[in-house]
1. Can you give me the ranges of the strands (runs of 3 or more DSSP E) entirely in the range B:355-406 with at least 3 residues that are surrounded by fewer than 18 Cβ atoms within 10 Å (Cβ to Cβ)?
2. Is there a residue being more than 25 Å from residue B:160 (Cα to Cα) and among the acidic types (Asp, Glu) anywhere in the range B:334-343?
3. Looking at the range B:310-346 only, could you name the residues that are open to solvent by 60 Å² or more (accessible area, probe 1.4 Å) and farther than 16 Å from residue B:61 by Cβ?
4. Of the numbered conditions (1) crowded, with 19+ Cβ neighbours inside 10 Å; (2) polar (S, T, N, Q); (3) within 30 Å of residue B:226 (Cα to Cα); (4) out of contact with any Gly (no Cβ under 7 Å at 6 or more places or on another chain), residue A:134 satisfies every one except a single condition; which is it?
5. Report the residue count in the range B:339-386 for those that are touching a Ser or Thr at 6+ places or on another chain (Cβ under 9 Å) and among the small types (Gly, Ala, Ser).
6. Could you please let me know if residue B:142 is of a type in the set (D, E, K, R), surrounded by fewer than 19 Cβ atoms within 10 Å (Cβ to Cβ) and not in a helix (DSSP H, G or I)?
7. Run down A:111, A:98 and say which single residue is away from chain B (no Cβ under 14 Å), under 30 Å from residue B:42 (Cα atoms), under 21 Å from the mean Cα position of the chain (by Cα) and not acidic (Asp, Glu).
8. Out of A:104, A:139, report the one residue that is within 14 Å of another protein chain (Cβ to nearest Cβ), of a type in the set (Val, Ile, Thr) and either within 30 Å of residue B:260 (Cα to Cα) or part of a helix (DSSP H, G or I) (or both).
Amino acid sequence: MLLVDIILPGLVLGGMYALIALGLTLQYGVARIMNLSYGESLVAAAFGAFSLYSGLGLSPLAALLLAVPIAMLLNWLLYRFLLERLMRRGKDRGAQEIDSILVTFGVLFVIQGAMLVAFGGQYYSYSYLSIPLTIMGSTLAVNRLVALLFAAVVGGAVYVALTRTRIGTAVRAIAVDANAARLVGIDVAALSGFAFAFGGGLVAVGGVLVSMFLTFNAAMGVVFTMKALVVVIMGGVGNVLGALVAGLLLGVVETAVARLVDPGLTLAATYALFLGVLLIKPTGLFGRAAS
Amino acid sequence: MFSANRRTLLRATSLVAVATALGSFASTADAQEKIRIGYAISKTGPYAGGAGITTLPNYELWVKDVNAAGGIKLGDKKLAIEVVEYDDRSSSEEAVKAIERLANQDKVDFILPPWSTGLNLAVGPTLNRLGYPHLAVTSVTDKAPELAKRWSNATFWLGTSAQISEGLADLLGKLKSEGKIGANVAMVSVADQFGIELSAAGREAFKKHGFTLTYDKTYPMGAQDLQPLLKDAIASNPDAFVAFSYPPDTIALTEQAQLLKFNPKVFYVGVGTAFPLYKGKFGAGSEGVMGIGGWNADSPQLKDYLARHKAATGKEPDRWASSITYASLQVLQQAIEKVGKLDRAAVAAEIRSGTFDTIIGKVKLKDGLLQEVWSVGQWQSGEFYALAPASLPGARAPVVPKAQWQ
């Protein structure tokens, strides 16, 4: 009974963590952009969903149809006109990563500034699908279950696309070694841009769904960036399945610690788990051995 | 030939530049045309949410109101307010640096305080050293009496943690003696200075009033799921649920309580309960929820303030510290006018000793502290009415047990 009451809500919380980390794992793992403006993009999508819901009465799930293509386009433009130059200029992976950190750090403030001008600093929250659902004696909110469902479906679909399709194989090849991929005729720049844009679309999915049950404001992006980073690194950089598993694991551990030990220690548990995984497997749960 | 020409040109330009600089300097030194008021406020970072609801809109509203009325009266003329604004990025270092810059470079006449207990305590020593009056409005700390003694320029406006917890325990104690609730209280708090101080004071106050704490836990700031905490609190079967929480947690706890159909006789949540956001999100579901703060919603001055706030900023004020923030600015203005010159020490002394007419009624501080502060409010028919201390004019009777969630 208590076990069900830990595992189910834990998975639901973990589903949210996985969802907010999926986009980053593609952007960082494949396109090699350590996107520090990640959390801000997520919050921007949340604001978008909020505006559509409170202004036009559009349900957040319908807003996804609008938010995802827009986010993909914006991210593609960002890549094409700002980040691609850096990727070309950077001599090696290390230099590219440092450049992308610096640039996206700037982008962070641009997005945050725009949100502050448009929405101010105050908190926003609305209710959608805030309906209780009892499964095996454990009560869950439908909106959080929807987030878990999306994380599973989107994560699974992306995983299949990456492993079973030609384009997915090419994307993975870039993640392994961009230079070698170029030698076999893969258009690295175009595909990296696509992966970055696709990651941006996933960020929008996360932001829209999270806005249904979390209170947010323009200053909150960094919270999501941190959580996504922990999940991505723990799962193995660039590994979609790893992000899913790591996210779910984190949710279950946090919930278990909150119920069995002390709710004050959930944050400590997060970092203990993070460090523990990295000590045993420095490249993350599903990470490749360092080359 | 060319070089000589260039030299002449250079000389002429620099002369013009110097002359312009001197001219502008002379004109500002000559006669005070405006009163320069500066502030550094959290426009970004974790404090932006609170500052954006409680503090900044009131600064803007006040400046607008004063300037629309012609300005602050100084002797026989009125001076308009000119604002210098910085973002402290929710960081103590930035806030202190900004205060130094406002005083030394911008040479502002007065400085308005930042938002939050932490930042007010951080800038306190600097404002004291520079000799600026410090209206530490949005700071709840048990150190307030001691600090007010140490910093003669500072004033505190929201009461102490003990006052707030004592007010709540007192109200619950009365309900217990009337047989409306039992002796079991479940308490949760956010693990930061605010939550730690209030829960420590609460523990003592509840014990004094004969309550048993059936559950008493803290949670880290920014926790994304409070359901586990709430489930254990529910399992302890309390008559009253008390949370010293921050706005996102206040919202999350209420939402989870509704989902879990947890409807104790008293449901009390912390910062954010008095925000318009709370009513906006929960609508009829907010009915009967108690929270920190409150105001005398029937007062005509506050009704007028609510309307003006909405007209000027497009949103309703927070029903706790917003009106006090505005009142503190009215006190500042009246103190400047009473002193009749820009003498900061005299203005600070006047704020402490004078009596002022404000939207929250007559304000007279004692030992640098506003004494009559609301500690508990409750949503009743769509308005957040103050309940405690019951001795203050305008206090309403609590509705207990709380209505079923809607």
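1. It comes to B:361-364.
2. Step one: list which residues in the range B:334-343 are more than 25 Å from residue B:160 (Cα to Cα), which gives B:334, B:336-343.
Among the residues that remain, those that are also among the acidic types (Asp, Glu) are: B:337, B:343.
Checked against the condition, which is being more than 25 Å from residue B:160 (Cα to Cα) and among the acidic types (Asp, Glu), the range B:334-343 yields at least one hit.
3. So the first thing to find is which residues in the range B:310-346 are open to solvent by 60 Å² or more (accessible area, probe 1.4 Å), and the list is B:310-311, B:314-315, B:337-338, B:341, B:344-345.
Those that are open to solvent by 60 Å² or more (accessible area, probe 1.4 Å) and farther than 16 Å from residue B:61 by Cβ: B:337, B:338, B:341, B:344, B:345.
4. (1)
5. Of the residues in that region, 9 qualify.
6. When the stated conditions are applied, residue B:142 passes them.
7. Details: A:111 fails: away from chain B (no Cβ under 14 Å).
Matching residue, one of A:111, A:98: A:98.
8. A:139
The values are calculated or read from the model by the stated rules, or taken from the named source; none is laboratory data. Being a predicted model, the structure only gives us computed values, none of them experimental. Positions of Cβ are backbone-derived with ideal geometry, glycine not excepted, and every protein chain shown enters the neighbour counts. Note: accessible area is taken over every heavy atom of the protein model, side chains too, but ligands, DNA and RNA are not part of it. Shrake-Rupley method; radii C 1.70, N 1.55, O 1.52, S 1.80 Å.
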